[in-house]
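Trainee: One structure coming up, written as structure tokens, with questions to follow.
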Amino acid sequence: LFKEADQIDLCFLVDTTGSMHPWIDTVKGSITSLWKRINRHFEASKDIRLAFVGYSDFDKLRQERTRVVKFTSSQTNYLRELSGIQASGGGDLAEDVMGGLCAVLDDLAWRENGTKILIHIADCPCHGREFHDNSISDDYLHGDPEGKHHHDVMGRLAENGIQYFFGKITDKTDRMVQVFDVSLREQSHQQMCITTFNATSGNTDQFKRTLESIVMQSTQRSLHVSIHADEKLRL
């Protein structure tokens, strides 16, 4: 269990519509430093893999709506894959967040144990009137047109033990995060929640420090879970 806690799977989930260009560049510019900081902090004892899921909206074809960079422990391969991802498109303000979250769960091979981290960065909410107020233009007020439901998605995140961090850029996402958080707490029996951090500025140096803090915090949580599980096995 303790060896497994040394594994870190970290996925960035990012809205890749036109307005998000600065934040996509910030993620790209933070990877090398993040890798070095984690290795330095843990004396290279951690087995680190990174992934990336970019999502847009239903104005694009299904195969173009999400971009997935699968988990890799190669920094070179990861940065090469990210270099081809650019911000573009966007019709109404609401985006296909559910499609992005489902790609995180369906298209990535998360390791069963260890530390699992999802860092979601977005400036607009998902489709559905329960996730935003009337100031948000939304072509699908009844919710995801493909029938995806946030309660199912949050349940799967809880079941897989994926720690969810949300980078807040605007107030437009507040209601969505609140609804997601209530569902995640309920389905994890109050053991999990969404942790929000300020991503407003898009400042790369600040973002690097925040990422490092998230990884440290998440690893400590996973170690606590591993110790607790080990104690149960001994009883």
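Trainee: Would you confirm, using the coordinates I've provided, whether residue 30 is touching a Leu at 6+ places or on another chain (Cβ under 7 Å), among the polar types (S, T, N, Q) and modelled with pLDDT under 90?
Mentor: In short, yes.
Trainee: Same structure again: Can you name the number of the only condition in (1) within 25 Å of residue 36 (Cα to Cα); (2) within 14 Å of the chain's Cα centre (by Cα); (3) open to solvent by 10 Å² or more (accessible area, probe 1.4 Å); (4) not aliphatic (A, V, I, L, M) that residue 123 fails?
Mentor: (1)
Trainee: Check every one of the helices (runs of 4 or more DSSP H) wholly within region 52-129 and list those with 3 or more residues that are among the polar types (S, T, N, Q).
Mentor: Details: elements: 62-65, 75-82, 97-106.
Qualifying helices (runs of 4 or more DSSP H): 75-82.
Trainee: Has region 174-190 got any residue that is modelled with pLDDT under 95 and either on the phi > 0 side of the Ramachandran plot or out of contact with any helix residue (DSSP H, G or I) (no Cβ under 8 Å at 6 or more places or on another chain) (or both)?
Mentor: yes
Rundown of residues vs (1) within 28 Å of residue 7 (Cα to Cα); (2) in contact (Cβ under 8 Å) with a residue 60 or more places away in the chain; (3) among the small types (Gly, Ala, Ser); (4) crowded, with 19+ Cβ neighbours inside 10 Å, yes/no style:
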position	(1), (2), (3), (4)
135	no, no, yes, no
149	no, no, no, no
161	yes, yes, yes, no
164	yes, no, no, yes
168	yes, no, no, no
172	no, yes, no, yes
180	yes, no, no, yes
186	yes, no, no, no
190	yes, no, no, no
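Trainee: Give the residue that is surrounded by the fewest Cβ atoms within 10 Å (Cβ to Cβ), with candidates limited to residues of region 1-20 that are of a type outside the set (A, V, I, L, M, F, W, C) and modelled with pLDDT of 90 or more. Let's see the steps before the verdict.
Mentor: Of region 1-20, the ones of a type outside the set (A, V, I, L, M, F, W, C) are 3-4, 6-7, 9, 15-19.
Next cut, modelled with pLDDT of 90 or more only: 9, 15-17.
On the way: 9: 20, 15: 26, 16: 27, 17: 24.
Once the filter is applied, the top-ranked residue is 9.
Trainee: What pairs come out if I take residues in region 100-117 that are under 15 Å from residue 165 (Cβ atoms) and pair them with residues that are part of a loop (DSSP other than H, G, I, E, B) whose C-beta lies under 6 Å away, six or more apart or interchain?
Mentor: From residues that are under 15 Å from residue 165 (Cβ atoms), the pairs are 116/110; 116/161; 116/162.
The values are calculated or read from the model by the stated rules, or taken from the named source; none is laboratory data. This one's a predicted model, so the numbers in the text were calculated from it and none came from an experiment. No Cβ is skipped: glycine too gets one built from the backbone with ideal geometry, and neighbour counts run over all protein chains shown. Ligands, DNA and RNA are stripped out before the accessible areas are found, and what is left, the full protein with its side chains, is counted by its heavy atoms. Shrake-Rupley method; radii C 1.70, N 1.55, O 1.52, S 1.80 Å.
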